[in-house]
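The values are calculated or read from the model by the stated rules, or taken from the named source; none is laboratory data. Treat the numbers as computed from the prediction; the structure is a model and nothing was measured. For neighbour counting, all protein chains shown are included, and Cβ atoms are generated from backbone atoms with ideal geometry for every residue, glycine included. In case anyone asks, the SASA skips ligands and DNA or RNA and just uses the protein heavy atoms, side chains included. Shrake-Rupley method; radii C 1.70, N 1.55, O 1.52, S 1.80 Å.
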Amino acid sequence: MTTPSSPSLSAASAPRGGCPAHAADTPVPLSGPAFHTEPQALYRTMRHSYGPVVPVELPGGFPAWLVVGYRELHQVTSDGELFPRDVGLWNQWEHIPEDWPLLPMVGRPMPSIYFTAGAEHRRHAELVVPALEAADPFEIREHCEQLADRLVDGIAPRGTADLVADFAEPLPVLVLARLVGFPDAEGADIARVLKDLADGGPGAQEAYGRFGAHMRRLVAAKRAAPGDDVTSRMLADPEPFTDEEYALDLMAITAAGHLTTADWISNSLRLMLTEDQFADSLAGGRRSVGDAMNEVLWEESPTQILAGRWAVRDTQLGGRTIRAGDMLLLGLGAANTDPLIRQEAVSGGAGHHAANGSHLAFSHGEYRCPFPAQEIAETIARTAIEVILDRLPDLRLAVPAEELVRRPSAFLRGMNALPVRFAPVHTTGDLL
Ligand code: HEM
């Protein structure tokens, strides 16, 4: 397949001001192991060679811009009128094949909070955000404790576990399934469906269908018998939506909160199991669970690169000429370590930002992760870590730290697996 260059990406653009495909700077392929083995080193090199806005090439040869400068990313996400999250604007659609591997992640325009823009997006946000906000934080904590304990019951007698597959990945979905109103039995199947979707393998398409079917059934069930949950609150909102819109918004909520929160848990546990400065927290120094979690949001935020934003018209950004319809990838992970805002990052003095929340892990602006969602994520991640440290206080890695493998993705930062060992703990249940 030849790499198309759309009419808007004309070669007229000056060097460093040029369009991604024709910039004098050879676009950086957005693939390869460096994006998950040493992303910060890669971002440093990119920033040094290309500046805050980098021409990149997506799989299949499609051009885009990667924004790695903190200020430029703040500028883009603060201007939803010029740079909406409107994938429909993309000037490459005519060239994108149906089986393009990034299509499920980039998405297509559809009537959900995640794939609408402007007034329509605000309409969906005004439905979803209050429904999340009304969830009782104490109840959320209780759900997290119960479900985390249940997952630990499953591994405690074994003495070994993979904390990603056995704990960090299923827990957020089980909690979110309860919050939106699913009985636990269905929560477990949704965890399997989302795993198949996230793996992006041959079963992904079928898994997407099952995911939608679960949500449509839930909408019908809550219409018949409302409860104290997110879905019932959305249905009670006077603003009219179709059942398909409710189902798509519930899919957006659950999918947006799944791997991100799972990676926050596993990245924080990795940090606590490998970095001396957190060693004492394993002995009960709970004060540093929050430090580790904040450190992760700055240094290895779960969403590293987000697709993204699309330019409504020709404009300038970070010394580059951006054409109408160009894709801007948000380099959230890179912006968080931009030396312009993080002197200590340059001096390697990490860890000084314990209480500082001005990282961009949740993005920024009108399309950012909703505040109640951030709080739900924080409660799930913190409770998960506290429960497992309580129940398995002698938790330790089962392999040398350098053998740990990251999720093979440029977009998400997480662990492929986190093998651990601990003294087997037999609960009354498994002795019977
Ligand atoms: C560590 C955990 C999480 C991270 C790092 C994270 C990050 C993000 C990011 C980067 C975006 C896109 C923002 C943009 O386009 O500018 C987003 C959007 C969103 N997230 Fe989260 N998220 C997390 C957890 C959650 C959870 C638990 C929920 C649900 C309870 C959730 C619900 C959403 C929704 C609904 C959106 C779309 C918001 C909109 O378009 O208005 N997220 N999140």
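Find how many whole Å separate the alpha carbon centroid of region 383-407 from the alpha carbon centroid of region 114-132.
Taking the Cα centre of region 383-407 as reference, the centre of region 114-132 is 37 Å away.
Please list, in order along region 404-414, the HN-Hα scalar couplings obtained from phi with the Karplus expression 6.51 cos²θ - 1.76 cosθ + 1.60 (θ = phi - 60°), rounded to whole Hz, x for Gly and Pro.
My calculation for region 404-414 gives 5, 10, 7, 4, x, 9, 7, 8, 10, 10, x Hz in order.
I'd like the accessible area for residue 149: 1.4 Å probe, protein heavy atoms, all chains in place, Å² to the nearest 10.
The accessible area comes out at roughly 50 Å².
Of the accessible area of the chain, with the probe set at 1.4 angstrom, what percent is carbon plus sulfur? Kindly include the intermediate steps, with their values, before the conclusion.
On the way: 10130 of 17900 Å².
Using a 1.4 Å probe with all protein chains present, the chain comes out at 57 percent carbon and sulfur.
May I ask you to give the solvent-accessible area per residue for the chain, in square angstrom, as obtained with a 1.4 angstrom probe? Write out the running numbers ahead of the final one.
Details: 17900 Å² over 432 residues.
The answer is 41 Å² per residue.
Which one, 92, 50, 39, projects farthest toward the positive side of the charge dipole computed for region 7-421 from Cβ point charges (K/R +1, D/E -1)?
Ranked along the dipole, the leading option is 50.
When the dipole is taken about the Cα centre of the chain, and only Lys, Arg (+1) and Asp, Glu (-1) are charged at their Cβ, what size is it in debye, to the nearest 20?
Numbers: 36 positive and 57 negative charges, 155 e Å.
Result for the chain is approximately 740 debye, rounded to the nearest 20.
For the chain, what is the calculated [θ] at 222 nm in deg cm²/dmol (nearest 500), taking -39500 (n - 2.57) for each run of four or more DSSP H residues and dividing by its residue count? Show your work: numbers first, answer last.
Values: 17 runs with 201 residues, N = 432.
About -14500 deg cm²/dmol.
Among 200, 380, 82, pick out the residue whose Cα is farthest towards the positive end of the charge dipole of region 7-421, where Lys and Arg carry +1 and Asp and Glu carry -1 on C-beta, about the Cα centre.
Result: 82.
What does the convex hull of the Cα atoms of the chain come to per residue, in Å³, rounded to a whole number? Working shown, then result.
On the way: hull volume 61.6 nm³, N = 432.
That works out to 143 Å³ per residue.
Relative to the longest principal Cα axis of the chain, at what angle does helix 184-199 sit, 0 to 90 degrees, rounded to 10?
With both axes taken from Cα atoms, the answer is about 40 degrees.
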